[in-house]
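J.: Take a look at the following structure, please.
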Amino acid sequence: MSRVVAVCLIVAVAAGCAGQQAPPAVSPVRALPQSGSRVPAKPYLNMPETAAGVLPPLLSQTGAFADVRALEPARELLPYDLVVPFWSDGATKSRFVAIPEGKVSFSPTGEWAFPPGTVFVKTFELPVDAAQPQRTQRLETRLLVVDRSGGVYGVTYKWRADLSDAELLPTEGLNEDIAIRDAGGTHAQTWYYPSRKDCLVCHNSHTPGVLGPKTRQMNRDLRYADGTTENQLRRWNRLELFSPALDEKDIGSFATLARATDTSRSLEDRARSYLDADCAHCHRPGGTVANFDARYDTPLAAQQLVDGPVLIDEGVDRARVISPHDPWRSIALMRIETNDDTRMPPLARRTIDTNGVALLREWILSLPGRDVLPPPSIAPAGGSFAGPVTVSLSSSETGAEIRYTLDGSAPGTKDARYDRPIHIEGPTVLRARAYKDGFTRSVISQQIYLVGQ
């Protein structure tokens, strides 16, 4: 299989990426030793000061790598990693940052601000064989640059098949099918290389531009190429990158995100950390049109997350952002669990993060609330049929009663009670709902049958 690699470099005037106490796990990184004194990077490396400037056509010309094929970063680049990375269709990511003379404006909460000329370098590699997870295909490297005005711009470099270099993508984005092998054989997974405009959907004036590096994401250990393992905040403080400088005894008290697998942290912490990493770049004051604030720094009671109202209910009765003990009325979960046009996040995702979905579902079910009936099952599924079709309804809850309609109206307790298979002879919209004393009624199940059309 050809190995395609794309690189998106972002130079920060105010850049970053989307972190409570650092998890015990550490990540090995490919980097030159970073012990001793700080080596300031050349401002912007070889990137222009603004997006309007001339962009290097090859990754090797950006100044980010000493050996581009080996992904060996330039000496002044500093490796970093996040506690909870943004879901990127299962890709692994290596991260480096070039920080010029100047200081990173540190805050124990919220975002950091980076000096103009900062460049973030992130390379994406996608596992392509379920039986050999270490086998990856290098796809892209993104650069995020903090420009001279304090904003940011981003560009993407797509790797050549022979990994000799990566080429600057045009302004627009690109889709590519990547062959993935699993137990069922080989299938194509579509990878999306973001456009320059896409970068600014998240990295914009509603945020400092840089989303990942912040205290709650960076408060973790990292294993450096010089063989040392050190907390990233401590390392950056020793390199005199922060203003104000840290009192290192405070590091253990800083709020830090919780990994989904860190069972030493509460289920609530882990779920809220996931939402922070995947949703808070848009779902925050001044961001997207929505009622809730996904930032972990915001206390849960103030987030309008649990039992929070929604602007679009997706046709679900009594819908909430997170409906306590009710995954079927939790719109946040619904949109994370789908790949249709309502999916969230709407950009940079083509597959469902099944581990993230399981985490959110577990948290929702742990919240106090009345037991809820699951929606009835309808078989066969709707579609086009040459002749009459017989449809069966069922509920996984013993003793549940199913009410249904055949005209598309919402079924209630006075509508037809299901007690035998339904014979359908013409175009029909079948809707069904389950009821049982002591339970919240189910949401509606629906199938459309086009018979004899």
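J.: Which of the residues belonging to the stretch 314-342 are buried (at least 17 other Cβ atoms within 10 Å of the Cβ), in a loop (DSSP other than H, G, I, E, B) and within 16 Å of the chain's Cα centre (by Cα)?
T.: Hit for the stretch 314-342 is 337, nothing else.
J.: Related question: Please name all residue pairs, on different chains or six or more residues apart, with Cβ atoms under 6 Å, provided the first residue is in the stretch 182-198 and is within 27 Å of residue 153 (Cα to Cα) and in a strand (DSSP E or B) and the second residue is modelled with pLDDT of 90 or more and among the aliphatic types (A, V, I, L, M).
T.: Correct list of pairs: 191/139; 191/178; 193/169; 193/174.
J.: Restricting attention to the stretch 65-85, which residues are open to solvent by 20 Å² or more (accessible area, probe 1.4 Å) and at positive phi?
T.: Hits for the stretch 65-85: nothing passes.
J.: Of the residues that sit in the stretch 393-403 and are open to solvent by 30 Å² or more (accessible area, probe 1.4 Å) and under 38 Å from the mean Cα position of the chain (by Cα), which one is nearest to residue 449 (Cα to Cα)? Spell out the reasoning first.
T.: Start the filter on the stretch 393-403 by keeping residues that are open to solvent by 30 Å² or more (accessible area, probe 1.4 Å), which leaves 394-399, 401, 403.
Remaining after also requiring under 38 Å from the mean Cα position of the chain (by Cα): 394-398.
Values: 394: 18, 395: 20, 396: 23, 397: 26, 398: 27 Å.
Restricting to residues being open to solvent by 30 Å² or more (accessible area, probe 1.4 Å) and under 38 Å from the mean Cα position of the chain (by Cα), the top hit is 394.
J.: Identify, from the list 260, 245, 277, the residue that is among the aliphatic types (A, V, I, L, M), surrounded by fewer than 14 Cβ atoms within 10 Å (Cβ to Cβ) and in contact with a helix residue (DSSP H, G or I) (Cβ under 9 Å, 6 or more places away or on another chain). Give the steps one after another, and end with the answer.
T.: Values: 260 fails: surrounded by fewer than 14 Cβ atoms within 10 Å (Cβ to Cβ); 277 fails: surrounded by fewer than 14 Cβ atoms within 10 Å (Cβ to Cβ).
Matching residue, one of 260, 245, 277: 245.
J.: Surrounded by fewer than 21 Cβ atoms within 10 Å (Cβ to Cβ), at pLDDT 95 or above, touching a Lys or Arg at 6+ places or on another chain (Cβ under 8 Å) and at positive phi: is that true of residue 307 in this structure? Show your work before the answer.
T.: Values: surrounded by fewer than 21 Cβ atoms within 10 Å (Cβ to Cβ): yes; at pLDDT 95 or above: yes; touching a Lys or Arg at 6+ places or on another chain (Cβ under 8 Å): yes; at positive phi: yes.
Criteria met by residue 307.
J.: Just checking, does the stretch 117-137 include any residue being touching a Ser or Thr at 6+ places or on another chain (Cβ under 7 Å) and modelled with pLDDT under 95?
T.: Checked against the condition, which is being touching a Ser or Thr at 6+ places or on another chain (Cβ under 7 Å) and modelled with pLDDT under 95, the stretch 117-137 yields no hits at all.
Yes/no per residue for (1) over 27 Å from residue 195 (Cβ atoms); (2) at pLDDT below 95; (3) not acidic (Asp, Glu):
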| position | (1), (2), (3) |
| --- | --- |
| 275 | no, no, yes |
| 281 | no, yes, yes |
| 286 | no, yes, yes |
| 292 | yes, yes, yes |
| 339 | no, yes, yes |
| 376 | yes, no, yes |
| 382 | yes, no, yes |
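J.: Separate question: Within the stretch 159-177, identify whether any single residue is out of contact with any helix residue (DSSP H, G or I) (no Cβ under 6 Å at 6 or more places or on another chain), of a type in the set (Lys, Arg), closer than 20 Å to residue 74 by Cα and modelled with pLDDT of 95 or more, and answer yes or no.
T.: Checked against the condition, which is being out of contact with any helix residue (DSSP H, G or I) (no Cβ under 6 Å at 6 or more places or on another chain), of a type in the set (Lys, Arg), closer than 20 Å to residue 74 by Cα and modelled with pLDDT of 95 or more, the stretch 159-177 yields no hits at all.
J.: Another question, if that's okay. Looking only at residues that are among the charged types (D, E, K, R) and part of a loop (DSSP other than H, G, I, E, B) in the stretch 91-104, which one is farthest from the chain's Cα centre (by Cα)? Even if it seems obvious, please write down each step before you answer.
T.: In the first step, residues of the stretch 91-104 are kept if they are among the charged types (D, E, K, R); the result is 93, 95, 101, 103.
Next cut, part of a loop (DSSP other than H, G, I, E, B) only: 101, 103.
Numbers: 101: 32, 103: 29 Å.
Across the stretch 91-104, the extreme among qualifying residues is 101.
J.: Please pick out the residue among 88, 60, 107 that is open to solvent by 30 Å² or more (accessible area, probe 1.4 Å), more than 23 Å from residue 241 (Cβ to Cβ) and outside any strand (DSSP E or B). If you could, list the steps in order and put the result at the bottom.
T.: Numbers: 88 fails: open to solvent by 30 Å² or more (accessible area, probe 1.4 Å); 107 fails: more than 23 Å from residue 241 (Cβ to Cβ).
Among 88, 60, 107, only 60 is open to solvent by 30 Å² or more (accessible area, probe 1.4 Å), more than 23 Å from residue 241 (Cβ to Cβ) and outside any strand (DSSP E or B).
J.: Give me a count of the residues in the stretch 372-392 that are in contact with a His (Cβ under 7 Å, 6 or more places away or on another chain) and of a type outside the set (Val, Ile, Thr). Break it down into steps so the answer makes sense when it comes.
T.: Keep residues of the stretch 372-392 that are in contact with a His (Cβ under 7 Å, 6 or more places away or on another chain), which gives 372, 388, 390.
Cutting the leftovers down to of a type outside the set (Val, Ile, Thr) gives us 388.
Matching residues across the stretch 372-392 total 1.
J.: Can I ask one more? Which of (1) part of a loop (DSSP other than H, G, I, E, B); (2) surrounded by 14 or more Cβ atoms within 10 Å (Cβ to Cβ) does residue 370 not meet, given it meets every other one?
T.: The single condition residue 370 does not satisfy is (2).
J.: Do you know which of the residues in the stretch 205-219 that are modelled with pLDDT of 95 or more and closer than 23 Å to residue 41 by Cβ is surrounded by the fewest Cβ atoms within 10 Å (Cβ to Cβ)? Outline the logic, then answer.
T.: From the stretch 205-219, those modelled with pLDDT of 95 or more are 213-219; that's our starting set.
Subsequent filtering for residues that are closer than 23 Å to residue 41 by Cβ retains 213-215, 217-218.
On the way: 213: 26, 214: 26, 215: 23, 217: 29, 218: 26.
It comes out as 215.
J.: Turning to a different aspect of this structure: Considering only the stretch 404-434, state which residues are of a type in the set (D, E, K, R), assigned to a strand (DSSP E or B) and farther than 18 Å from residue 450 by Cβ. Working first, answer last.
T.: In the first step, residues of the stretch 404-434 are kept if they are of a type in the set (D, E, K, R); the result is 407, 414-415, 417, 419-420, 425, 431, 433.
Still in the running and assigned to a strand (DSSP E or B): 407, 417, 431, 433.
Those that are of a type in the set (D, E, K, R), assigned to a strand (DSSP E or B) and farther than 18 Å from residue 450 by Cβ: 417, 433.
J.: Tell me, which residue of the stretch 435-452 that is in a loop (DSSP other than H, G, I, E, B) and of a type outside the set (A, V, I, L, M, F, W, C) is least open to solvent (accessible area, probe 1.4 Å)? Full working, then the answer.
T.: First pass over the stretch 435-452, keeping only residues in a loop (DSSP other than H, G, I, E, B): 436-439, 441-444, 452.
Now narrow it down to the ones that are of a type outside the set (A, V, I, L, M, F, W, C): 436-438, 441-442, 452.
Values: 436: 62, 437: 148, 438: 51, 441: 69, 442: 0, 452: 54 Å².
In this case the residue turns out to be 442.
The values are calculated or read from the model by the stated rules, or taken from the named source; none is laboratory data. Keep in mind that this is a model prediction, so the values were computed, not measured. Every residue, glycine among them, receives a Cβ derived from its backbone with ideal geometry; neighbour counts consider all protein chains shown. We work out accessible area using only protein heavy atoms, side chains counted, and drop any ligands, DNA or RNA first. Shrake-Rupley method; radii C 1.70, N 1.55, O 1.52, S 1.80 Å.
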